[in-house]
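The values are calculated or read from the model by the stated rules, or taken from the named source; none is laboratory data. Bear in mind that the values here come from a model prediction, so they are computed numbers and not experimental data. Every residue, glycine among them, receives a Cβ derived from its backbone with ideal geometry; neighbour counts consider all protein chains shown.
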Amino acid sequence: MTITITAFEHSPDRGQGLARDTRVRWALEEVGQPYEVRLVSFRALKEPAHLALHPFGQIPTYEDGDLSLFETGAIVFHLAERHAGLLPDEAKARARAITWMFAALNTVEPPILELTTARILESDKPWTRERLPMIEERVHDRLKQLSARLGGADWLDGAFSAGDLMMVSVLLRLRSSGLLDAYPNLAAYVARGEARPAYQRAFAAQLAVYTASQPPAD
Ligand code: GTB
């Protein structure tokens with residue numbers, strides 16, 4: 001059975017890996033599962049065919065035979081449970097790695113999303129200038145805590161896991177803000193994630209979608 005995921009036909013980030021299909025591609029690459037990608041336009045996201053797969057009209061989705069999933073946390077967890085390479089075998093270590101997945105999505109990603117929303121979608125609003133320092137402070141709080149926990153380790157809990165995959169994916173969204181620069185161990189952690197061959201393949205695959213949509217140079 002072929003795994004099919006969905007991704008933006010035209011990602012606003014011009015293939016910089018910020019859209020959430022990248023983390024699913026990365027997980028698929030880590031566990032060595034081949035996959036196909038169906039590109040979806042912004043209009044098609046809200047049409048019945050896509051809404052049947054994703055009730056909120058978003059990417060990515062995941063289809064494997066008669067199983068269809070949405071939410072990157074659920075997709076990466078599904079892959080990590082079924083294939084070796086993303087979760088430890090030992091029960092307690094496995095539970096801790098899963099905890100880090102949830103921490104990335106529920107505790108670290110929300111303030112980062114808030115920052116992105118303020119900086120990009122609400123940059124022209126009159127309240128943004130006043131709100132921004134407060135939002136940045138919230139992001140700093142989380143980064144400080146995460147940095148303290150990571151310390152000098154390579155990964156959050158022993159070997160690389162789906163918890164790290166998700167945390168690095170979330171932190172990557174801070175790159176353009178420069179906020180990570182104050183935390184050298186987190187910046188190095190993100191760089192370690194990006195250096196993984198599986199991440200490199202995932203990044204290249206999503207960048208190729210953008211490159212292919214560009215008119216040829218004269
Ligand atoms: N909680 C869901 C998950 O983890 O799967 C969130 C999915 C989600 O937000 N999907 C976004 C989407 O489909 C794409 S990733 N949005 C369209 C819509 O809601 O109509 C968010 C995203 C989009 C673009 C950039 N970028 O260009 O920098 C970065 C992140």
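If I go through segment 152-189 residue by residue, how many of them are on the phi > 0 side of the Ramachandran plot and part of a helix (DSSP H, G or I)?
From segment 152-189, those on the phi > 0 side of the Ramachandran plot are 158, 178; that's our starting set.
Pick out the ones that are also part of a helix (DSSP H, G or I) and you get none.
Adding up the residues that qualify gives 0.
I'd like to check something: does segment 178-199 contain any residue that is in contact with a Leu (Cβ under 7 Å, 6 or more places away or on another chain) and basic (Lys, Arg)?
Checking segment 178-199: not a single residue is in contact with a Leu (Cβ under 7 Å, 6 or more places away or on another chain) and basic (Lys, Arg).
Being loosely packed, with under 15 Cβ neighbours inside 10 Å, outside the structural domain of Thr72 (by TED's automatic domain parsing) and within 16 Å of the ligand (Cβ to nearest atom) is the requirement here; does Ser169 meet it? Reasoning before the result, please.
Values: loosely packed, with under 15 Cβ neighbours inside 10 Å: no; outside the structural domain of Thr72 (by TED's automatic domain parsing): yes; within 16 Å of the ligand (Cβ to nearest atom): yes.
Criteria not met by Ser169.
Determine the pairs where a residue that is of a type in the set (D, E, K, R), located within segment 27-54, has a partner that is surrounded by 19 or more Cβ atoms within 10 Å (Cβ to Cβ) with Cβ atoms under 6 Å apart, the partner being 6 or more residues away or on another chain.
Hits for this filter: Glu29/Ala198; Glu29/Ala202; Glu30/Leu86; Glu30/Ala198; Arg38/Thr6.
I'd like the residue in segment 9-66 that is in a strand (DSSP E or B) and among the hydrophobic types (A, V, I, L, M, F, W, C) and, out of all such residues, is farthest from the ligand (Cβ to nearest atom). Walk me through it before giving the result.
Keep residues of segment 9-66 that are in a strand (DSSP E or B), which gives 35-40, 61-64.
Retained after the next criterion (residues that are among the hydrophobic types (A, V, I, L, M, F, W, C)): 37, 39-40.
Values: Val37: 14, Leu39: 12, Val40: 9 Å.
Among residues in segment 9-66 that are in a strand (DSSP E or B) and among the hydrophobic types (A, V, I, L, M, F, W, C), the one farthest from the ligand (Cβ to nearest atom) is Val37.
Of the conditions (1) within 10 Å of the ligand (Cβ to nearest atom); (2) within 16 Å of Leu28 (Cα to Cα); (3) in a loop (DSSP other than H, G, I, E, B), Leu86 satisfies every one except a single condition; which number is it?
(1)
Results for (1) assigned by TED's automatic domain parsing to the domain that holds Pro184; (2) of a type in the set (A, V, I, L, M); (3) within 23 Å of Leu18 (Cβ to Cβ); (4) within 16 Å of the ligand (Cβ to nearest atom), shown as yes or no for each residue.
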| residue | (1), (2), (3), (4) |
| --- | --- |
| Pro110 | yes, no, yes, yes |
| Ala118 | yes, yes, yes, yes |
| Ser123 | yes, no, yes, yes |
| His140 | yes, no, yes, no |
| Leu143 | yes, yes, yes, no |
| Leu146 | yes, yes, yes, no |
